[in-house]
Amino acid sequence: MNITVIPKLKELGKLLSTLDYCLILTHQNPDGDAVGSVAGLLTALLDNGKKASAVFAEDLPSRHIKLIHG
């Protein structure tokens with residue numbers, strides 16, 4: 001990981017810790033990377049006691065739904 005990224009991640013962590021609720025969105029026609037990123041962020045927020053939801057603009061293929069619902 002690029003060392004210059006670490007301070008930005010710490011800033012993001014501080015910002016996320018201040019939120020009461022987080023709505024996670026992605027781009028149109030999300031690919032597996034986008035869905036996986038949403039799933040990871042959603043899991044991290046929920047595991048840390050935050051209220052969070054993910055919304056997709058269109059139905060996801062079943063192979064991607066498994067990423068969100070385990």
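The values are calculated or read from the model by the stated rules, or taken from the named source; none is laboratory data. Since this is a predicted model, take the numbers as computed values, not measurements. Don't worry about glycine lacking a Cβ; one is built from the backbone with ideal geometry, like all the others, and counts go over all protein chains shown. Surface accessibility is based on the protein's heavy atoms, side chains included, excluding ligands, DNA and RNA. Shrake-Rupley method; radii C 1.70, N 1.55, O 1.52, S 1.80 Å.
Tabulated data for the structure shown
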{"quantity": "Ellipticity estimate at 222 nm from DSSP helix runs (n ≥ 4, -39,500 (n - 2.57)) divided over the chain, nearest 500", "calculated": "-16500 deg cm²/dmol"}
{"quantity": "GNM flexibility winner over the chain from T26, T43, T18 (Cα, springs under 10 Å)", "calculated": "T18"}
{"quantity": "In order through segment 50-58: 3J(HN,Hα) via Karplus (6.51 cos²θ - 1.76 cosθ + 1.60), integer Hz, x for Gly, Pro", "calculated": "8, 8, 8, 9, 10, 10, 10, 5, 9"}
{"quantity": "Vicinal HN-Hα couplings computed from phi for segment 12-25 (Karplus, 6.51 cos²θ - 1.76 cosθ + 1.60; Hz; Gly/Pro x)", "calculated": "4, x, 5, 4, 4, 5, 8, 7, 8, 8, 10, 9, 9, 10"}
{"quantity": "Rounded percent of accessible protein surface that carbon and sulfur make up, the chain, 1.4 Å probe", "calculated": "58"}
{"quantity": "Order of exposure, largest accessible area first, which applies to L19, L9, L25, L42 with probe 1.4 Å", "calculated": "L25, L9, L19, L42"}
{"quantity": "Ranked order, H27, H64 - accessible area, probe 1.4 Å, largest first", "calculated": "H27, H64"}
{"quantity": "Cut-off under 5 Å, modelled amide H: who pairs with A54 long-range", "calculated": "I24"}
{"quantity": "Label-to-label distance, nm, for residues given as H27 and A57 (7 Å Cα→Cβ offset)", "calculated": "1.0"}
{"quantity": "For segment 50-70 versus segment 17-31, the gap between their alpha-carbon centres in whole angstrom", "calculated": "11"}
{"quantity": "Solvent exposure of the chain as accessible area per residue, Å², 1.4 Å probe", "calculated": "76"}
{"quantity": "Within the chain: Cβ-based charge dipole about Cα centre, in debye rounded to nearest 20 (Lys, Arg +1; Asp, Glu -1)", "calculated": "260"}
